[in-house]
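Undergrad: Sending over a structure as structure tokens; questions will come in a sec.
The values are calculated or read from the model by the stated rules, or taken from the named source; none is laboratory data. Quick caveat, the model's predicted, so the values are computed rather than measured. So basically every Cβ, Gly included, is an ideal-geometry build from the backbone, and we count neighbours across all protein chains shown. These area figures cover heavy atoms from the full protein model, side chains too; ligands, DNA and RNA do not enter into them. Shrake-Rupley method; radii C 1.70, N 1.55, O 1.52, S 1.80 Å.
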Amino acid sequence: MLAFAINGSRFYFDRMPRPIRFGYQLTRQQENDPIAAAKRAEQIGFNTFLVSDHFGSGRAPMPTLAAVAAATSSIRLGTFVLNTDMRNPVQLAWEAATIDHLSGGRFELGLGAGHTPQEYGATGIEFRVPADRKADLAEQVEIIRRLLAGDSVTHNGTHHRLSEAEIDRSLQERLPILVGGNGNALLSHAGAHADIVGLQGLGRTLEDGHRHDVKWSAEWLDTQLEQIRSGAAERFAEIELNALVQHVEVTDDAAGAIEAFCERVGTVVAADVATTPYVLIGTVEEIVEKITTCRDRWGISYFAARELDDFAPIIEAFR
């Protein structure tokens, strides 16, 4: 691994620049008609249509994506991300492989360790400490990878015990697995086993169980990339890096809009908002430049956003 530091910033020159791609994450406002949203995302030029996983109101992710698969032709489909703590890995792999076949090989499986206490209370599932949930996730990633490849899986782990589990392999030769989350153990394991690693710049979960501290500094992002690299070793260049864009605002006054955004959030500073990939504020040209800079600096080439039509000019500029 060759990494160079310029003015304190690391640049990963051994990673060949990947084509930039964009995912649209379905919002609550669009959930009443996810098929219309998916068709519009496909028309705009989004590369992936993504559905989150929060138990309760709204649409369940896997059946939604199965329906979207039948209604679209080119856009890739993904979960962003499923809470593996509430799922059996064999059942989950079976469903993922099924959607992959139904979609003609367009499915991407996004996985995470869960974090919302209310969902555990509502389902009666034990809300374990983060270390246990992340260790469970790590086992599931390895199990699911083998099942999707068509292997017969016998596994005697800390959290899962299986005997000769088998499913029909995925249609794709290697169905992409995205792992999203934080922490050295999770990110280093994702580096070793995931195809895509999702970064959100989030810290500890706050008391409401939904919101998080934000950690949007360039230094923290550098640290997370080192954690991924420590697990990935020689396969680091093969991993696609993803960032969840939390806010998009097209404006001629980037400085003023960033200042107003920082005042609303209250826990971020303008320099971090202007630098890291989690917020895109500025003219279309400025946003394009920032996305390209994040790709060149950190190797992040896959950007997921929650804006639909408002994001269209940015995608059009990349065309």
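Undergrad: Kindly list the number of the only condition in (1) open to solvent by less than 70 Å² (accessible area, probe 1.4 Å); (2) modelled with pLDDT of 95 or more; (3) not aromatic (F, W, Y) that fails for G209.
TA: (2)
Undergrad: Tell me whether the stretch 24-40 contains one or more residues that are of a type outside the set (S, T, Y), open to solvent by less than 60 Å² (accessible area, probe 1.4 Å) and within 16 Å of L244 (Cα to Cα).
TA: For the stretch 24-40, residues of a type outside the set (S, T, Y), open to solvent by less than 60 Å² (accessible area, probe 1.4 Å) and within 16 Å of L244 (Cα to Cα): present.
Undergrad: For the stretch 47-62, which residues satisfy the criterion of being among the aliphatic types (A, V, I, L, M) and either free of Cβ contacts under 8 Å to residues at least 60 places away in the same chain or open to solvent by 10 Å² or more (accessible area, probe 1.4 Å) (or both)?
TA: V51, A60, M62, listed by residue number.
Undergrad: Mind checking which pairs have a first residue in the stretch 33-46 that is closer than 15 Å to R106 by Cα and a second that is of a type in the set (S, T, N, Q) and open to solvent by less than 50 Å² (accessible area, probe 1.4 Å), Cβ under 6 Å, 6 or more apart or different chains?
TA: A38/T72; E42/T72
Undergrad: Against the conditions (1) in contact (Cβ under 8 Å) with a residue 12 or more places away in the chain; (2) surrounded by fewer than 20 Cβ atoms within 10 Å (Cβ to Cβ), where does E126 fall short? Just the number, please.
TA: (1)
Undergrad: Okay, next question. With the requirement that a residue be touching a residue at least 24 places away in the same chain (Cβ under 8 Å) and open to solvent by less than 40 Å² (accessible area, probe 1.4 Å), what does the stretch 248-268 give you?
TA: Hits for the stretch 248-268 are V248, T251, A254, A257, V268.
Undergrad: Next question, about the same structure. Can you tell me which residue is surrounded by the most Cβ atoms within 10 Å (Cβ to Cβ) among those in the stretch 136-193 that are polar (S, T, N, Q) and within 18 Å of W94 (Cα to Cα)?
TA: Q140
Undergrad: Show me the helices (runs of 4 or more DSSP H) entirely contained within the stretch 190-301 in which 3 or more residues are over 19 Å from the mean Cα position of the chain (by Cα) and not charged (D, E, K, R).
TA: Correct list: 254-265, 270-275, 284-298.
Undergrad: Of the conditions (1) open to solvent by 60 Å² or more (accessible area, probe 1.4 Å); (2) not in a strand (DSSP E or B), Y120 satisfies every one except a single condition; which number is it?
TA: If we test Y120 against (1) open to solvent by 60 Å² or more (accessible area, probe 1.4 Å); (2) not in a strand (DSSP E or B), just (1) comes out false.
Undergrad: OK, next. Checking the structure you have, find out if any residue of the stretch 224-236 is in contact with a Gly (Cβ under 9 Å, 6 or more places away or on another chain), hydrophobic (A, V, I, L, M, F, W, C) and open to solvent by 20 Å² or more (accessible area, probe 1.4 Å).
TA: Within the stretch 224-236, one or more residues are in contact with a Gly (Cβ under 9 Å, 6 or more places away or on another chain), hydrophobic (A, V, I, L, M, F, W, C) and open to solvent by 20 Å² or more (accessible area, probe 1.4 Å).
Undergrad: Would you kindly identify the helices (runs of 4 or more DSSP H) lying entirely within the stretch 1-103 that contain at least 3 residues that are at pLDDT 95 or above and at positive phi?
TA: Hits in the stretch 1-103: none.
Undergrad: A further question on this structure: Among (1) crowded, with 19+ Cβ neighbours inside 10 Å; (2) in contact with a Gly (Cβ under 6 Å, 6 or more places away or on another chain), there is one condition L111 misses while meeting the rest; what is its number?
TA: The single condition L111 does not satisfy is (2).
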